[in-house]
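For reference, the structure is listed below as structure tokens.
The values are calculated or read from the model by the stated rules, or taken from the named source; none is laboratory data. The structure displayed is predicted, hence computed values, not measured ones. All Cβ positions, glycine included, derive from the backbone under ideal geometry; neighbour counts span all protein chains shown.
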Amino acid sequence: MKNIQSWFATSIYYAALQRNAAPLNRELLKECYQLRDFDDAGRKWSAKNYRGGYTSYGSLDKLHKFSSTFETLEKKITRHVLAYARALEMDLSGRKLEMTDCWVNIMPHQVVHSLHLHPLSTISGTYYVRTPRNCSTIRFEDPRLSKFMAAPPKIADASPAQKQHVTYKADAGKLILFESWLRHEVAANPAATDRISISFNYNWF
């Protein structure tokens, strides 16, 4: 309707990292499993906090400073992050966005990544390394959801902009970016093989 304007947009960026990511993904996949096998502290942390799966979040969360392969990934991601920041009209005068954290997530069958956000960061995201057929999606929550007092439910065929949750397919070679305050989750992985991703945070300095 012409009398209604929409405000306070929540923008999510979803794109292919590059034209052909398969060679890079092969190297990343190999290093992800090597990392899991090497990282005793990470496996112990995951057993308590990421049951059934492996993440280096609690042990090795600066992989872009640890591995040349992850450093290459960082450079490719940064181009997308800067494009996203421009689209968000962020004023970064005299400062720059830099990757501060980068970690691996390996989600075997039925592993869950519960609802969370990324505090003390500006832009966060995930890059998909291996995504078996029918693996779990990433789901985002309307940041206003806790304020919806006495609000009726949305109609079944509501437009995407009116939905209270939105999902994106996990697809190898794709990159998803979002502002770090946006809560998100990954449901139990129904696929029989591992869903592997690399998550990261950027902050401005």
For this session: Kindly establish whether Leu17 is within 25 Å of Tyr168 (Cα to Cα) and in contact with a Lys or Arg (Cβ under 6 Å, 6 or more places away or on another chain).
Result: yes
Seminar exercise, completed: Counting only strands (runs of 3 or more DSSP E) wholly inside segment 124-205, the ones holding at least 3 residues that are surrounded by fewer than 17 Cβ atoms within 10 Å (Cβ to Cβ) are 165-168
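One line per residue, one yes/no per condition, for (1) touching a strand residue (DSSP E or B) at 6+ places or on another chain (Cβ under 9 Å); (2) of a type in the set (A, V, I, L, M, F, W, C); (3) more than 27 Å from Gln18 (Cα to Cα):
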position: Arg95; (1), (2), (3): yes, no, no
position: Asn105; (1), (2), (3): yes, no, no
position: His113; (1), (2), (3): yes, no, no
position: Leu117; (1), (2), (3): yes, yes, no
position: Ile123; (1), (2), (3): yes, yes, no
position: Tyr127; (1), (2), (3): yes, no, no
position: Cys135; (1), (2), (3): yes, yes, no
position: Arg139; (1), (2), (3): yes, no, no
position: Asp142; (1), (2), (3): yes, no, yes
Problem set entry | Filter pass, Gln18 being loosely packed, with under 15 Cβ neighbours inside 10 Å and touching a residue at least 40 places away in the same chain (Cβ under 8 Å) | yes
For this session: Report yes if some residue within segment 148-166 is under 30 Å from Arg19 (Cβ atoms), of a type outside the set (Val, Ile, Thr) and modelled with pLDDT under 95; otherwise report no.
Result: yes
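Let's see how each residue does on (1) modelled with pLDDT under 95; (2) β-branched (Val, Ile, Thr); (3) within 19 Å of Glu179 (Cα to Cα):
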{"position": "Tyr14", "(1), (2), (3)": "no, no, yes"}
{"position": "Glu27", "(1), (2), (3)": "no, no, no"}
{"position": "Cys32", "(1), (2), (3)": "no, no, no"}
{"position": "Asp37", "(1), (2), (3)": "no, no, no"}
{"position": "Ser56", "(1), (2), (3)": "no, no, no"}
{"position": "Leu60", "(1), (2), (3)": "no, no, no"}
{"position": "Ile77", "(1), (2), (3)": "no, yes, yes"}
For this session: Could you give me the residue pairs with C-beta distances under 6 Å whose first residue belongs to segment 89-112 and is modelled with pLDDT under 95, whose second residue is part of a loop (DSSP other than H, G, I, E, B) and surrounded by fewer than 18 Cβ atoms within 10 Å (Cβ to Cβ) wherever it lies, and which are 6+ apart or on separate chains?
Result: Arg95/Phe205
Seminar exercise, completed: Of the residues in segment 51-97 that are within 16 Å of the chain's Cα centre (by Cα) and not in a helix (DSSP H, G or I), the one that is surrounded by the fewest Cβ atoms within 10 Å (Cβ to Cβ) is Lys62
